[in-house]
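The values are calculated or read from the model by the stated rules, or taken from the named source; none is laboratory data. Note that the coordinates shown come from a computational prediction; the quantities given were computed from them, not determined experimentally. A quick note on method: Cβ atoms are made from the backbone with ideal geometry, for glycine too, and the neighbour counts reach across all protein chains shown. Surface accessibility is based on the protein's heavy atoms, side chains included, excluding ligands, DNA and RNA. Shrake-Rupley method; radii C 1.70, N 1.55, O 1.52, S 1.80 Å.
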Amino acid sequence: MNERKIKTAVLISGGGTNLQALIDAQKSGIIKHAEICAVISNRADAYGLERAEKAGIPHYVVEKEKTVKDPSGKPDENDSRIKQADFERKIVEILKSSGAELIVLAGFLAILSEDFTRLYPERIINIHPSLIPSFCGKGYYGLKVHEAALSYGVKVTGATVHFVNEIPDGGKIILQKAVYIKEGDTPEILQKRVMEEAEWELLPKALELVSEKMLKKSV
Ligand code: GAR
């Protein structure tokens, strides 16, 4: 049967293990209502680009140019705004040309402004490696999230998939899964366990949920 699928762009910055989980879930049939139409990385050296290449998915690099400094040595805010707008414009061009209807941030660690997020209300989903509202928002990404959870001393952490809006990690929650912290955990050990036990399961499930809903609305 040739059912319509929601064209989905996946944005990455690094290893791309969550992208791999999506690719695998598409192959195994866990994801039935979405297809990855493009992978965009904000870093040319992201290993996730190789994963996309191996899976035969069109992939692109869009890097944000470095902000120049003002005479006092601080980043020039105006220049930063221009470069952010340019960065986002290039991403939007790729999204449009690839026909993407939905965007997944799978370890995409660059900032997207409100100008960008308001173009796609409830059409951007993000995976965050904690139970939101703990250890989230500005400055909490990657290993830093697990460092913060361990230094606070929580006994349970996890992962959250949520819609992206103008508030960092503040959009509506789609799915969450808890992961227990164990004696002797380091940020690296915890990061791996949260990925294995929660992220790689949750992100494909969330993409399937959202894309199925989108298709039902369009009939
Ligand atoms: C993942 O743990 C993801 O949850 C996290 O970055 C890692 C990317 O790994 N994202 C954030 O911290 C977003 N705030 P991956 O490149 O192997 O998927």
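Springs join every pair of Cα atoms under 10 Å in this Gaussian network model of the chain, and among Y140, Y152, Y180 the largest mean-square fluctuation is at Y152.
What a 1.4 Å probe finds exposed on the chain is 54% carbon and sulfur by accessible area, rounded to a whole percent.
Counting only other residues whose beta carbon sits under 12 Å from that of W200, what net charge do I get with K and R as +1, D and E as -1? The answer is -1. Other residues whose C-beta falls under 15 angstrom from the C-beta of A34 contribute a net charge of +3, scoring Lys and Arg +1 and Asp and Glu -1. Estimated from the Cβ-Cβ distance and a Förster radius of 30 angstrom, the FRET efficiency linking D79 and K182 is about 0.05. Summing Lys and Arg as +1 and Asp and Glu as -1 over all other residues whose Cβ lies under 15 Å from the Cβ of L49 gives a net charge of -1.
Computed from label points 7 Å out along Cα-Cβ, the spacing between V92 and K205 is 3.5 nm. Short-range pairs are left out: with C-alpha atoms under 8 Å and at least six residues apart, the relative contact order of the chain is 22 percent. Using just its DSSP H runs of length 4 or more, each adding -39500 (n - 2.57), the chain gives a mean residue ellipticity at 222 nm of -11500 deg cm²/dmol after division by all residues.
Looking at the square roots a ≥ b ≥ c of the eigenvalues of the Cα gyration tensor of segment 71-196, which shape do they give, rounded for a/c under 1.5, prolate if a/b is larger than b/c, or oblate? Oblate is the answer for segment 71-196, as a/c is 1.5 or above yet b/c matches or exceeds a/b. In terms of overall dimensions, the chain has a Cα radius of gyration and Dmax of 17.6, 63 angstrom. Of the beta bridges in the chain, as assigned by DSSP with both residues counted there, near 40 percent are antiparallel.
Return the single residue from A198, A21, A55 with maximal mean-square fluctuation; model: Gaussian network over the chain, springs between Cα atoms under 10 Å. Answer for the Gaussian network model of the chain: A55. Note on exposure: M214, M195 ranked by accessible area (1.4 Å probe, complete protein assembly) read M195, M214, with the most exposed listed first.
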